[in-house]
């Protein structure tokens, strides 16, 4: 052999990997079609295979080109990486690594750096070279200059495998894009698309961190889906899982017969609740692997943000552990200092490397500084899910209206800590599974009141400080819990109540996008002030939203079953306040109580405000008013019942079936 047996990969190339500084590891390890020079035969094309297994006694490559009999790989001097170049092998090749571990046992493993893999239950890695040509240049150029914290962000959370069961990436690129565009969401968030063998895990137990799941298509077909979303003006958020990984014998666990990616001590290296391994964040090679993986999705797939799953489990050494089941840090505390350093590293690197992206934390504790910059001692995330707001809100909604007055401040408490972090308000998949019930079924009483309450709540959520996230199916009031094994119940979206709710979400998103007062100053106290936070007796909340150009919106939300006629509120300006949303409009299947399109505010002190007005507030309804100054001569305000947008109907997704059940209490509730 007169050519490099390692396909041009050297120990010099791997120095960054071993020091924790290689953040593009996918370019070095894994399978790559390359051309090498042979002194006798000239240029040779084949595939270079390279894998990190420092404690292995021997490594072989088992593949379809050698009938799975195993060809020996050799160690690159001075490294723990084994490599080989195989002439004539290219894309589509199936392969695995057969590793004689330090324990003296042969372990057949998939490639940790594989960019494509077989569909479960098969699991071979597949040699794959992307040939995709992106068409989202305008989106990417604009993204680089944006700061998502002062941009609109209305997120539709999607499990791609069951949004419409059986649809591929290519089909979703047509149908999902059309639907999200019609609904008006600014972003989609995908539950993990990384390869995982157990479908009910929803992707949160990852076996191939660099490979999109092949159930739905090839990697370039997933790129096509992202590209189409971007061309439609829709951002893409991807759930990312660096907190733990499953124990499947053929995946990362005990990779070379030792605890390579994970801690060896189960008190540090295993999640009891989930039956998974915990990454060893203090090992430089593991840091290179994970930071590279985050950058890979952002650069190679143009992902706009990563939502980091289960951050709390990473931050605390005693997470879900009893005394004696965890190892304190060097200072005797319960913070995982290595994980904290890793999170700061990955966040800082992505923000510096790819301007305009965002990192989002699902963090359920009161850990300080999650969204503070790393140079100020924070973790460096751009956003944090507001789990406190979510829990308080859902607990409040589950109460009978008559009891809500004694829990009134559960809906206002989030403003006490609103400016401590940059928040996203999540109604995620976690809230509609495992016996928790769907959003519509969390609410008591009959169908009319359920739908009216949910419409009022969504208006509350869209108008409250913080970005919004809503899980698929909840926008049209699906009654069943999320089930990954079946499609959403699209047939109900044509029925009474369901269609009105879906139409409201469309109009809320339209009003949200058009009014910077609803998003521009989410993290600035200047963007919000209460009108009345204390009207517990009438289950009613009212507040003002502002932008930095002086636009002002007034929001009044009534969680009582009674309408409030001539409900007086204070306002910052006299003049016309136009009704831009009324959740009781008939087009939303409401009763039609409203303000004929506008209210007039007159001068005169009301509390801290210099003007006041009387508003007709519907039962279990919300009204959003925009200050438009003096009424123009001859102008006629619109009726509230006609205020919904007259855009196109929802894209057809399936044939409707018969109505399930419509409450007999409609007239009574009016």
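Coordinate-derived values only; no laboratory data. Please read all numbers here as calculations on a predicted model, not as lab measurements. A quick note on method: Cβ atoms are made from the backbone with ideal geometry, for glycine too, and the neighbour counts reach across all protein chains shown.
Miscellaneous remarks
- Subtracting the Cα-Cα distance of residue 140 and residue 4 from their residue separation scaled by 0.36 nm leaves 45.1 nm.
- Residues within the reach of a label modelled at residue 524 (point 7 angstrom out along Cα to beta-carbon, backbone nitrogen below 15 Å), restricted to segment 406-434, are 419.
- Rg/Rh (Cα only; Kirkwood hydrodynamic radius) as it applies to segment 1-150: 1.05
- The angle between the Cα long axis of helix 498-514 and the longest principal axis of the Cα atoms of the chain comes to about 80 degrees, rounded to the nearest 10.
- The structure-derived value of Cα extents along the principal axes in Å appears in the list (1) 112, 97, 57; (2) 107, 70, 64; (3) 91, 57, 43 under the label (3).
- Folded to 0 to 90 degrees: helix 387-397 orientation relative to the chain principal axis, Cα: 40
- Modelled spin-label separation between residue 486 and residue 71, with each label point placed 7 Å from Cα along the Cα-to-Cβ direction: 5.0 nm.
- Cα-based helix-to-principal-axis angle, 337-353 vs the chain, degrees rounded to 10: 80
- Paramagnetic label zone (point 7 Å from Cα along Cα-to-C-beta, residue 608; backbone N under 16 Å) in segment 500-529: 524-529
- For residue 130 and residue 409, a Förster radius of 41 Å and the Cβ-Cβ distance give a FRET efficiency of 0.20, rounded to the nearest 0.05.
- Inter-label distance for residue 58 and residue 272, nm, one decimal - labels placed 7 Å from Cα along Cα-to-Cβ: 4.1
- Label point 7 Å beyond Cα of residue 150 along Cβ direction - residues of segment 374-396 with amide nitrogen under 18 Å: 382-383
- Segment 244-371: translational diffusion in µm²/s, Stokes-Einstein, Kirkwood Rh over Cα pairs, 37 °C, 0.692 mPa s: 211
- Kirkwood Rh in Å, taken over all unlike Cα pairs in segment 528-642: 14.1
- R0 of 30 Å, Cβ-Cβ distance residue 551-residue 372: FRET efficiency to nearest 0.05: 0.55
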